[in-house]
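No value in this document is a laboratory result; all are computed from the given coordinates. In this text, all values refer to a predicted model and were calculated from it rather than measured experimentally. In this analysis, Cβ positions are derived from the backbone assuming ideal geometry, glycine residues included, and neighbour counts consider all displayed protein chains.
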Amino acid sequence: MKRLTCFFICFFLSEVSGFEIPINGLSEVDVWVIEPQGLRFLHVPDTFEGHFDGVPVISKGQQKAHVSFKPTVAQQRICPNCRETAVDGELVVLYDVKREEKAGELEVFNGYFVHFFAPDNLDPIPKNILFVIDVSGSMWGVKMKQTVEAMKTILDDLRAEDHFSVIDFNQNIRTWRNDLISATKTQVADAKRYIEKIQPSGGTNINEALLRAIFILNEANNLGLLDPNSVSLIILVSDGDPTVGELKLSKIQKNVKENIQDNISLFSLGMGFDVDYDFLKRLSNENHGIAQRIYGNQDTSSQLKKFYNQVSTPLLRNVQFNYPHTSVTDVTQNNFHNYFGGSEIVVAGKFDPAKLDQIESVITATSANTQLVLETLAQMDDLQDFLSKDKHADPDFTRKLWAYLTINQLLAERSLAPTAAAKRRITRSILQMSLDHHIVTPLTSLVIENEAGDERMLADAPPQDPSCCSGALYYGSKVVPDSTPSWANPSPTPVISMLAQGSQVLESTPPPHVMRVENDPHFIIYLPKSQKNICFNIDSEPGKILNLVSDPESGIVVNGQLVGAKKPNNGKLSTYFGKLGFYFQSEDIKIEISTETITLSHGSSTFSLSWSDTAQVTNQRVQISVKKEKVVTITLDKEMSFSVLLHRVWKKHPVNVDFLGIYIPPTNKFSPKAHGLIGQFMQEPKIHIFNERPGKDPEKPEASMEVKGQKLIITRGLQKDYRTDLVFGTDVTCWFVHNSGKGFIDGHYKDYFVPQLYSFLKRP
Ligand SMILES: *[C@@H]1O[C@H](CO)[C@@H](O)[C@H](O)[C@H]1NC(C)=O
């Protein structure tokens, strides 16, 4: 949930604790947050143990916030007559933005772009997880107690679809179970009892423990026991270097890499100071994971849980970011093994502004039940304007964030460099970039200069705070006296529009003749053989559900639920389709489209899109394409298609409400058993229209029509087709059947009421 921008706003004040802090100096911190997307929350945790109660003054608006940390000289003293300063710790500002767009936020400026991606309402992917816990002698006491406590909560959080086991190791390797077990309540309870009984003692054989964990996962997979759509994870918790078995770190690293074969993510938690944290980092970096270090004893448990929470909910696999244009270069890591709930992926890159004034991105990923393709298009239009409006906005933020990510990546590469020469080369690039972009790294120092020209080293290799900023890197902008560290993330106001990839269905002009229902429900039935449009209205009440198509043989249902206008107009309350339901029985897929969201349910899992997305979702034979604020197209095997148009009205309109229109081409291959208000016309009835004559209204001639053995009086009029012009519609002429289609439709319109959005029509 927290933005990567946390990197920017963790001020490590501990480095300056030895200073006599002048009131205008570093004891003043101003943080401006500027987010056009809107702030969901902003929070300044108390990291000074109550000493600065009420000192960070927070003013927060919808899109902007200002945090001001300005303790008086007296407040800065640790006690009234002490000279020591209490400004020793971190000022952390946590916030998150309101997110809407599934394809993320693509911010483009000045030749650089930054892409934030943090979708959250997805179903979790089942995980296969092995906990590998160091129980050597050094874990004895508080550390072990805290680990056991954390593990108990962690195990309780496993989902029934997950599979797991626990390995505890010292010089020997023990397992709770030798293979993966599904996380039922009984098994979890058993594992908890096992962990409680562990007595730490002896040495540390990390090599064997990891190889065993990998073996258990691989074997389960080779036996076909793993869900092909699951993810495999190892969580290593250790507090020391190997003392038994393979001791050479590079050899362990090699063994692990060789056995993991790219399909397991290894996460490592290093406890305390005895552990070679760089080794754990290399181990994890190389195997799609991350490492974290925790210090201290008392809150080990909560830190362990926090660490686990980052990986407890896999939402996507194989997430790939593509920027198809050739003038996009220097893209940071754009390929991610997993995406976990609560995190955010950030990708940045360069482009040539002379050649491009917009950036297109295509994200592909696999979720628990669908294959996603999300496209975004970002333009630079409003950004300049936006930046100029706020003096705290940093027009260079895209470049700085790009540099920050690139350096971070280089540091990871450096730690894995195979030769000394390669390492030197990477070091040189890091140094150059950190100087060019003013970013402090473990390889550089930050020097400040006061007015007298004295220089002081302020920070080198700033401390790492596991709860805040992973990666030994710290982004300080101008940390010099008389200039407050300012930061802002001026993302452009929604310049993002999303497009659907492969949207031929949407882009090509729709077939000229379809069956459709628009407002009030006006039905327009096109009869291809007689080449006539026949129209009728259904006047009913809000809440009622009408069956449009019910095809028991192909297992397809389309129903529409009515909503009413805000008030009657000329004594009549108009009704519209506010919600449409599609049920594809053979696929067990239900799709609900309202004027707010588009929700696909498959079995017990659901996936939602909003009308502000442009996206394409494929689930088995069903494909849904959403074109932002316009149309949703559902196709089944490309043989059947349904289009749903969104009609937005002015929000404060006194009478009208948003509504949906549905279009069904007559080429859809329903079975002869298909029925419903529209479905019945898939078998075209014979009609005979004759005796055309002037009507009461000279503009609207009358005629007689013979259909289904009845003779009806019909009136010629115009109806709107909104497919090409969503606002005004285009007029189509049609013959109008009065009395809710009586005589033209089978039976009475009330025969088409169904109880639920996905009910088949019961025929008498
Ligand atoms: C990883 O891939 C290898 C090679 O395809 C396979 O043998 C192994 O079972 C896989 N492991 C897991 C956990 O999927």
Subject >> Peptides 185-192, 391-398 ordered by average Cβ neighbours within 10 Å, highest first >> reply: 391-398, 185-192
Subject >> Of K711/K742; K145/K192; K145/K305; K529/K762, those spanning more than 18 Å from alpha-carbon to alpha-carbon >> reply: K529/K762
Subject >> Cα centroid separation, the stretch 353-369 to the stretch 652-727 (Å) >> reply: 42 Å
**OP:** Would you please give the FRET efficiency between K423 and S327, computed as 1/(1 + (r/R0)^6) with r the Cβ-Cβ distance and R0 = 41 Å, to the nearest 0.05?
**Re:** 0.80
**OP:** Over 21 Å between C-alpha atoms is what I'm after, so list which of K590/K652; K708/K750; K281/K423; K152/K248 land there.
**Re:** K590/K652; K152/K248
Original post:
What length, rounded to one decimal in nm, is gained on full extension from T186 through to H748, with 0.36 nm per residue of separation minus their alpha-carbon distance?
Top reply: 196.7 nm
Subject >> Added length on full extension, which subtracts the Cα-Cα distance from 0.36 nm per residue, E161 to T364 >> reply: 70.6 nm
Subject >> Order by protection proxy (mean Cβ within 10 Å, highest first), peptides 129-137, 366-374 >> reply: 129-137, 366-374
Original post:
Per 10 Å bin, what is the whole-percent P(r) computed from every C-alpha pair distance within the stretch 128-209?
Top reply: 19, 52, 26, 2
Subject >> Rounded to 5, the percent of DSSP beta bridges in the stretch 107-214 classed as antiparallel >> reply: 55 percent
Subject >> Antiparallel DSSP beta bridges within the stretch 244-366, as percent of all bridges there, nearest 5 >> reply: 75 percent
Original post:
How much length is gained if the chain between N309 and H738 is pulled fully straight, taking 0.36 nm per residue apart and subtracting their Cα-Cα distance, in nm to one decimal?
Top reply: 148.3 nm
Subject >> Kirkwood hydrodynamic radius over Cα pairs of the stretch 94-160, then Stokes diffusion coefficient at 37 °C and 0.692 mPa s, in µm²/s >> reply: 198 µm²/s
